[in-house]
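One structure is given below, encoded as structure tokens.
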Amino acid sequence: MNKLILGRYFPGESWIHQLDPRGKLVAAIYFIGILFFAEGWIGYLLLLGFTLLVMQMSGVSLKIYLRGVRPLIWLILFTVTLQVLFTAGGTIYFDWGPFTVSSYGLINGVFIFLRFVMIIFISTVVTLTTKPIDLTDAIHALLRPLRVVKVPVEDFALMLSIALRFIPNLLDETQKVMDAQRARGTTFGEGTLIQQMKTLVPIVLPLFVGSLKRAEDMADVMEVRGYQSDKPRSSFRQLTWTRYDTVSIIIMLLLTAMLMLVNRIGAYY
Amino acid sequence: MKPTAILEVKDLTFRYDLRKEEKTLSAVSFSADPGEWIAVVGDNGSGKSTLSRLLVGLIDPEHGTIKIDGCVLGEQSKWSLRQQVGIVFQNPENQFIGTTVQDDVAFGLENVNIPFQEMKERVEAALKLVDMLELRDKDPSQLSGGQKQRVAIAGILALQPKLILLDEAFVMLDPQSRRGLFSVLQNLRKKQGITIISITHDRNEAALADRIIVMEQGELIQVDKPSSVFAKQEKLDAPFAEQLRRNLKSCGRNVPETYMTEDELVEWLCK
């Protein structure tokens, strides 16, 4: 469980930690958007420099970011390989049937690799520096316009926050059930694959039943505490948009302008 | 003049399975006055919890009526009545809706659309009452069972209901914090006239109530002051003082025939 970096929060006091989650989320999505407009080396270097700067500012060590890339590395390499093998153009170094390795292909491969890594880095910055619940609030706030077309945004946000709240509980319960099964003589992780899968059934089943029971209890509690999905609710958690959030959005716009400029210059070469 | 009852239960009957004759509750009637503390005692399966679920409208009775503050509980009125009735269940884990202590206490207030500033004050006041103010930013996985139980109680107190139902809400607390919360609730009851109905297995706690409701197999067999209840219900585990009196009596000592509170017994023993 500790391997999964995406979705974990590292408490800290950095400038990025203190940004409003809405601004942070919008900026990250925006950045991922402009990634696709980068052309040429200078553009990519500019964006990569910016990504590294943001990572540096978050105060979380580079090692943690690299661990975030690790689970996806095979997917990235696979995509890069396809890109390298199937793009033609420029100088051709190697040609075998449908496969060609060309200078265009190689350059494109590197670009795609950088793009992937930057997407992961930037989204990791957001999740590492924002509490999951703040992120939920941000999603809630950003989806709010959808209420006009009758999307139950409030219910969705509440569901998300309850799900987040119960992740540690479920992990705890899994541990308990496993211990209980061990006390009854089950050994995990031994035997053939089929046998191993069979030992999982007595874990999943009690967990499932327990979750249903819990959901029922919670629904009761929510009902007696007056929760009605179609009624207006006030919110205890307040998001405050500060000057810094505006500044961060302006920085994103400046970055876009710089990228456009760099692209223009690159076109002359 | 007798104040009008905050809660009036008349002829309440309930069956979980309508095909069977066996009733979980049959013809239960009682009433509670503002500011009264009523303890409900009875064995497992005597219908205590069913009664509490009926009182907040989670399940509907087969027949009989529940009147809260003069208004009959029904499909239409239950949402507005729930602002006056708070219930704390036994399992604190499943009652924790929010991601942190203060979020959870605020949940009920959010539901009735209280503005932020007032919500903040009420949450803080409620947390202070249960002595959890320092822990307000903690999430449930960092809290003990007793602490979660206190948060659940704070969540109800923040709503400022007129009637609080405690369905074995103190079981996970250590004796000391149990006494602490007990006196907090007693104070609220005296100051604000909140009515408390407490379902409990703890005889010593029941002995402190104004009245005790004794339930057995879905029937209400006695509603009276603790002194008469413990004098009459020999089967019921008595509070400590009463047990001592009975033991002394069976040893042939010349003790008074009637039920005595702890203070009375101490006074008598010191004579």
Helix-only CD estimate at 222 nm, as mean residue ellipticity for chain B, using -39500 (n - 2.57) per DSSP H run (n ≥ 4)
-11000 deg cm²/dmol
The ³J(HN,Hα) series, computed from each phi in the stretch A:33-49 with the Karplus coefficients 6.51, -1.76 and 1.60 at θ = phi - 60°, rounded to the nearest Hz and given as x for glycine or proline, is x, 6, 3, 7, 9, 5, 10, x, 4, 4, x, 5, 5, 4, 5, 5, x
Looking only at lysines whose Cα falls under 23 Å of residue B:128's and that sit 8 or more positions away or on another chain, we get B:120, B:138, B:148, B:162, B:190, B:191
Can you check what the Kirkwood hydrodynamic radius comes to for the protein assembly as shown, Cα pairs only, in Å to one decimal?
28.3 Å
Fluctuation leader among B:61, B:175, B:239 - chain B, Gaussian network, Cα springs under 10 angstrom
B:175
If the convex hull is drawn through the Cα atoms of the stretch B:116-158, its volume per residue in Å³:
65 Å³
Ordered by number, the GluC sites (Glu not before Pro) in the stretch A:161-269 that occupy a DSSP loop and have at most 15 other Cβ atoms within 10 Å are A:190
What are the lysines whose alpha-carbon lies under 18 Å from the alpha-carbon of residue B:10, with same-chain residues fewer than 8 places away excluded?
B:23, B:48, B:67, B:78
Ignoring GluC sites (Glu not before Pro) that are buried or in helix or strand per DSSP, and keeping those with at most 16 other beta carbon atoms within 10 Å, what is the longest stretch of chain B between them?
B:76-233
Excluding residues fewer than 8 places away in the same chain, name every one of the lysines whose C-alpha is closer than 25 Å to that of residue A:63.
A:3, A:24, A:131
Sequence order, the stretch B:9-23: Karplus ³J(HN,Hα) from phi using 6.51 cos²θ - 1.76 cosθ + 1.60, θ = phi - 60°, Hz rounded, Gly and Pro as x, gives 10, 10, 6, 6, 10, 8, 10, 6, 10, 5, 7, 9, 6, 4, 9
Counting other C-beta atoms within 10 Å, and keeping those with at most 10, which DSSP coil trypsin sites (Lys or Arg not before Pro) do you find in the stretch B:216-248?
B:235
Quote the convex hull volume per residue of the stretch A:144-224, based on C-alpha atoms, as a whole number of Å³.
133 Å³
Can you give me the distance in nm between label points at residue A:254 and residue A:219, each placed 7 Å from the Cα along the Cα-to-Cβ direction?
5.3 nm
Scalar couplings 3J(HN,Hα) for the stretch B:95-102 by Karplus 6.51 cos²θ - 1.76 cosθ + 1.60 (θ = phi - 60°), nearest whole Hz, x for Gly and Pro, are 9, 8, 8, x, 7, 10, 4, 6
Could you list the trypsin sites (Lys or Arg not before Pro) in the stretch A:163-215 that lie in coil according to DSSP, counting only those with at most 13 other Cβ atoms within 10 Å of their Cβ?
A:184
Taking the Cα-to-Cβ direction at residue A:61 and at residue A:37 and moving 7 Å from each Cα, how far apart do the two end points lie in nm?
3.7 nm
Which of A:136, A:256, A:187 moves the most in a Gaussian network model of chain A with Cα springs under 10 Å?
A:187
Between residue A:86 and residue A:29, the FRET efficiency computed from the C-beta separation at R0 = 25 Å comes out, to the nearest 0.05, as 0.30
Shielding by partners, peptide A:234-240 (average Cβ within 10 angstrom, other chains):
6
Please identify, among A:134, A:172, A:155, the residue showing maximal mean-square fluctuation in a Gaussian network model of chain A using a 10 angstrom Cα cutoff.
A:172
Which part of the stretch A:208-242 falls in the paramagnetic zone of residue A:150, meaning amide N under 16 Å from the point 7 Å along Cα-to-beta-carbon?
A:230-231
Averaged over the residues of A:159-171, the number of partner chain Cβ atoms within 10 Å of each residue's own Cβ comes to 3
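Every read-out reported here was derived from the displayed coordinates using simple, explicitly stated rules and does not represent laboratory data. Just so it is clear, the structure is predicted and the values come from calculations on it, not from any experiment. Cβ atoms come from the backbone with ideal geometry, glycine included; neighbour counts cover every protein chain shown.
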